[in-house]
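> Once you've had a glance at the structure underneath, I'll fire off some questions.
The values are calculated or read from the model by the stated rules, or taken from the named source; none is laboratory data. The model shown is predicted, which means the values in this text are computed figures rather than measured ones. Cβ atoms come from the backbone with ideal geometry, glycine included; neighbour counts cover every protein chain shown.
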Amino acid sequence: MFVYADHAATTKILPCALEAYNQTAWAFYGNPSSLHTEGQRAKEVLEKSRGEIAAVLNADPREIYFTSGGSEADNQAILSAAYAGAKKGKRKLISTAIEHHAVLHTLEKLQKEGFEVVLLPVGHEGIVKAEDVRDAIDENTALVSVMLANNEIGTLQPVEEIGKICREKGVLFHTDAVQAVGHIPVDVQSIGCDYLALSAHKFGGPKGVGVLYAKRGAPLSVLIAGGAQERGKRAGTEDLPAIAAMAAALKASVADMGTSSALLKKLQTKLIFGLSRIPHSSLNGDRERRLPGNVSFCFEGCEGEALLLYLDDEGICASSGSACTSGSLDPSHVLLAIGRVHDVAHGSLRLTLGPENTEADVDYLLEKIPEVVEKVRSFSPVWRDLREGKRQFIL
Ligand SMILES: *Cc1c(COP(=O)(O)O)cnc(C)c1O
């Protein structure tokens, strides 16, 4: 059996998106900046896609900027707000300890340039408190950046409350909505954000394409200089097939959202219930306020990387921490932020289900994961010490 349970890392392209990709690449090959007929036909597809994506987000098409993905959108939002703030003497940037590296590493870069960066804690449940955001904002604050849904533990952040606070205080607000868009309803008006990042490959679109939503009037600096594409804010000939495919994937995901999220919640509940029966295990992040397909666990005395390799042998694609952290020996910053100690954080497993997963998939996961955990524990020195009482169990 084969079970792909790593949808937070990336998703398989949807048939309708692949169809839109092929159709556009073949029949609309003109450069949207060209004045001739072929160019203008391509331009129409570009603007149609922009309009469709804007409609889903409840934004104005002029607020949609196509990028190479979520990382670029996060970079552009944060750098734009920071540099605009610096011009007014505002050099404080507020974010959380559980952001994606696209946000955290951009903030680190700005910190080296003299900005003050405040990363708010999230507590055991993995959710930042809007009140903490309010308390951290002062007259020097240029930006608040809080993700909508976490990519490792799936927890949903109170972005609407935070957006309200930022509007009251006159501070720019960016939200990394890469894990949320296409999976749960996302409306830029009700969030009240100035910037929002999304990425096509997280909802059945192609890799290497995404969107930065920037509210009209929000500062926007140019990261990629060149031609006048994207209202002069992002140069480079547009990847039109990918953009059309992203719009198709988004429309399809949103149309199916009701059905698929109900199914995912059912599968998620069953999976959480089943995995909780493994001794010395614990769910990461709030039980209720999380993305419908996310199941993240820690198993004490069970090395996460070994777990993944043995699961792979059983045909199960899963993840431990985020794709960006795997390969490094540092435990996930997200798991440390929710209070997992190093040893426990090393025994993490992230299963992220998608619309094509079935109940049979979950049954298979529940058959194999307990076996593999037991196997990995059987040759773990940490597990032996725990069993022999030389170490105290934490979970
Ligand atoms: C995947 C992801 C990104 C990066 O998006 P890319 O399109 O892969 O660059 C950023 N933020 C979050 C929360 C993500 O899950």
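> Which of the residues that make up the range 70-102 are within 22 Å of G232 (Cα to Cα), surrounded by 24 or more Cβ atoms within 10 Å (Cβ to Cβ), of a type outside the set (A, V, I, L, M) and within 16 Å of the ligand (Cβ to nearest atom)?
G70, D74, Q76
> Working only within the range 327-359, note down all residues that are touching a residue at least 24 places away in the same chain (Cβ under 8 Å) and among the small types (G, A, S).
Scanning the range 327-359 gives S332, A337, G339, A345, G347, S348, G354.
> Take D60 and tell me if it is of a type in the set (D, E), over 18 Å from A242 (Cα atoms) and more than 16 Å from the ligand (Cβ to nearest atom). Outline the logic, then answer.
Numbers: of a type in the set (D, E): yes; over 18 Å from A242 (Cα atoms): yes; more than 16 Å from the ligand (Cβ to nearest atom): yes.
When the stated conditions are applied, D60 passes them.
> Let me ask something else. Would you mind listing the helices (runs of 4 or more DSSP H) fully within the range 276-395 where at least 1 residues are in contact with a strand residue (DSSP E or B) (Cβ under 7 Å, 6 or more places away or on another chain)? Break it down into steps so the answer makes sense when it comes.
On the way: elements: 304-313, 333-337, 342-345, 359-378, 381-387.
Filter on the range 276-395 gives 304-313, 333-337, 342-345, 359-378.
> What do you reckon, is T37 polar (S, T, N, Q) and surrounded by fewer than 14 Cβ atoms within 10 Å (Cβ to Cβ)?
When the stated conditions are applied, T37 passes them.
> How many residues are part of a helix (DSSP H, G or I), within 30 Å of L353 (Cα to Cα) and not hydroxyl-bearing (S, T, Y) when one looks only at the range 182-232? Step through it out loud before you land on a result.
At the first step, the residues of the range 182-232 found to be part of a helix (DSSP H, G or I) are 188-191, 200-202, 230-232.
Applying the additional criterion that residues be within 30 Å of L353 (Cα to Cα) yields 188-191, 200-202.
Imposing the further condition that a residue be not hydroxyl-bearing (S, T, Y) reduces the set to 188-189, 191, 200-202.
The total comes to 6.
> Oh, and also: With respect to G170, is the statement that it is of a type outside the set (S, T, Y), in contact with a Lys or Arg (Cβ under 9 Å, 6 or more places away or on another chain), assigned by TED's automatic domain parsing to the domain that holds K88 and at positive phi true? Reasoning before the result, please.
On the way: of a type outside the set (S, T, Y): yes; in contact with a Lys or Arg (Cβ under 9 Å, 6 or more places away or on another chain): no; assigned by TED's automatic domain parsing to the domain that holds K88: yes; at positive phi: yes.
So G170 does not fit the description; no.
> Going by the structure shown, is C193 under 28 Å from S49 (Cβ atoms) and either surrounded by fewer than 19 Cβ atoms within 10 Å (Cβ to Cβ) or away from the ligand (no atom under 13 Å from the Cβ) (or both)? Steps first, answer last, please.
Working: under 28 Å from S49 (Cβ atoms): yes; either surrounded by fewer than 19 Cβ atoms within 10 Å (Cβ to Cβ) or away from the ligand (no atom under 13 Å from the Cβ) (or both): yes.
Yes; evaluated as a whole, the condition is true for this residue.
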